[in-house]
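So the structure is just underneath, and the comments pick up after that.
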Amino acid sequence: MDKPLSIFDISGRAMSAQLVRLNATASNLANAGAVAGSEAQAYRAIRPVFQTVSQQPGIATVQVSSVVTSDTPATKRHDPSHPLADKNGDVWDAGVDTSAELVDMVEASRQYQNNVQVLNTTKSLMLETIRLGK
Amino acid sequence: MSLEDSLFGIHGKALQLRSQRLELLASNIANASTPGYKARDIDFDAALASATKDQGTVAGALDTAMGYRVPLQPSADGNTVEMSTEQTLFAENAVKYRTTLSFLEGRLNTITRALRGE
């Protein structure tokens with residue numbers, strides 16, 4: 001990208017990054033109660049990895065460089081009556097830490113709001129500058 | 001002294017610097033949850049002094065006056081953005097941008113009135 005980053009790029013891309021994070025949290029929470037018949041099939045929480053994008057000192061935005069599977073282990077539960085249970089009568093609950101996901105969700109939504117606020121302030125300042133001298 | 005400087009005085013450069021600082025603070029807020037990101041800011045007084053001296057430019061002033069923010073409570077992931085600090089400074093900077101704008105407005109009104117000869 002050759003064009004210098006404007007505040008709209010900075011905050012806009014930060015908002016998309018936070019949205020990816022919010023989507024990941026939503027997937028994790030939706031799958032929190034999922035049960036699998038083996039440890040390999042069990043759902044693991046996913047997490048976006050944030051990375052700074054900068055062209056000139058001090059001016060930087062953020063992007064999601066990858067989405068990784070976390071190492072929260074799936075929990076084994078003995079439940080022989082479950083239709084997915086293996087020959088030992090065990091099933092695996094999804095490896096999702098619900099409280100951590102909720103905290104992450106609140107943080108992501110707060111930071112999204114912060115970026116919206118930055119955009120709004122910048123927009124009104126720019127409009128005032130355009131009206132200068134009229 | 002350039003034409004721009006004689007028309008707008010200190011306020012032209014001040015507005016440019018305010019706008020640049022707004023971008024810096026927006027970058028900090030955007031990177032609030034990026035691990036290892038170091039928040040940066042400019043010392044506005046030093047930047048304005050450097051930009052308004054002879055042959056001073058806004059870009060040069062930014063380079064000399066830029067520094068890293070010292071966090072009040074360093075976080076474990078190496079990120080030095082503290083939302084309370086950044087938001088306060090962003091709001092302060094936005095208000096001061098508006099102040100500079102109204103100074104410019106006053107200058108423009110004066111010049112327009114002089115041109116009309118009323």
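The values are calculated or read from the model by the stated rules, or taken from the named source; none is laboratory data. Everything quoted here is computed from the prediction, not taken from an experiment. All Cβ positions, even for glycine, are placed from backbone atoms using ideal geometry, and neighbour counts span all protein chains on display. Heavy atoms of the whole protein, side chains included, go into the accessibility calculation; ligands, DNA and RNA do not. Shrake-Rupley method; radii C 1.70, N 1.55, O 1.52, S 1.80 Å.
Descriptive notes on the structure:
- If you go through segment B:34-47 and keep only what is under 15 Å from B:ALA65 (Cβ atoms) and either within 8 Å of the chain's Cα centre (by Cα) or open to solvent by 40 Å² or more (accessible area, probe 1.4 Å) (or both), you end up with B:ARG40, B:ILE42, B:ASP43, B:PHE44, B:ASP45, B:ALA46.
- Inter-residue pairs, beta-carbon under 6 Å, first without any contact (Cβ under 8 Å) to a residue 12 or more places away in the chain and in segment A:108-134, second part of a helix (DSSP H, G or I), 6+ apart: A:ASN114/B:ILE29; A:THR121/B:ALA94; A:LEU125/B:TYR97; A:GLU128/B:LEU101; A:GLY133/B:LEU108
- Test: residue in segment B:4-13 that is among the hydrophobic types (A, V, I, L, M, F, W, C), in a loop (DSSP other than H, G, I, E, B) and free of Cβ contacts under 8 Å to residues at least 60 places away in the same chain: no
- Of B:LYS53, B:LYS38, B:LYS96, all but one fail to be charged (D, E, K, R) and without any contact (Cβ under 8 Å) to a residue 12 or more places away in the chain; the exception is B:LYS53.
- Residues satisfying the stated conditions in segment A:42-95, i.e. within 19 Å of A:MET15 (Cβ to Cβ) and of a type in the set (Lys, Arg): A:ARG47
- Extreme residue, farthest from the other protein chains (Cβ to nearest Cβ), among residues of segment B:18-33 that are buried (at least 23 other Cβ atoms within 10 Å of the Cβ) and among the polar types (S, T, N, Q): B:ASN28
- Residues of segment A:1-53 satisfying the condition of being of a type outside the set (Phe, Trp, Tyr), within 12 Å of chain B (Cβ to nearest Cβ) and either part of a loop (DSSP other than H, G, I, E, B) or open to solvent by 70 Å² or more (accessible area, probe 1.4 Å) (or both): A:PRO4, A:LEU5, A:SER6, A:ARG13, A:ARG47, A:GLN51
- Residue in segment B:84-110 that is nearest to B:GLN16 (Cα to Cα), counting only those that are aromatic (Phe, Trp, Tyr) and within 8 Å of chain A (Cβ to nearest Cβ): B:TYR97
- Residues within segment B:101-118 that are over 19 Å from B:LEU48 (Cβ atoms) and either open to solvent by less than 50 Å² (accessible area, probe 1.4 Å) or of a type in the set (Phe, Trp, Tyr) (or both), tallied: 1
- Output for segment A:67-85, where each listed residue is open to solvent by 50 Å² or more (accessible area, probe 1.4 Å) and either closer than 17 Å to A:GLY33 by Cα or of a type outside the set (A, V, I, L, M) (or both): A:THR69, A:ASP71, A:PRO73, A:THR75, A:LYS76, A:ARG77, A:HIS78, A:PRO80, A:SER81, A:PRO83, A:LEU84
- Filter result (closer than 21 Å to A:THR98 by Cβ and modelled with pLDDT under 90) within segment A:37-68: A:GLU39, A:GLN41
- Residues that are in a loop (DSSP other than H, G, I, E, B) and charged (D, E, K, R) were ranked within segment B:71-100; the one that is least open to solvent (accessible area, probe 1.4 Å) is B:GLU82.
- Residue list for segment A:68-98, restricted to those being among the β-branched types (Val, Ile, Thr) and assigned to a loop (DSSP other than H, G, I, E, B): A:THR72, A:VAL96
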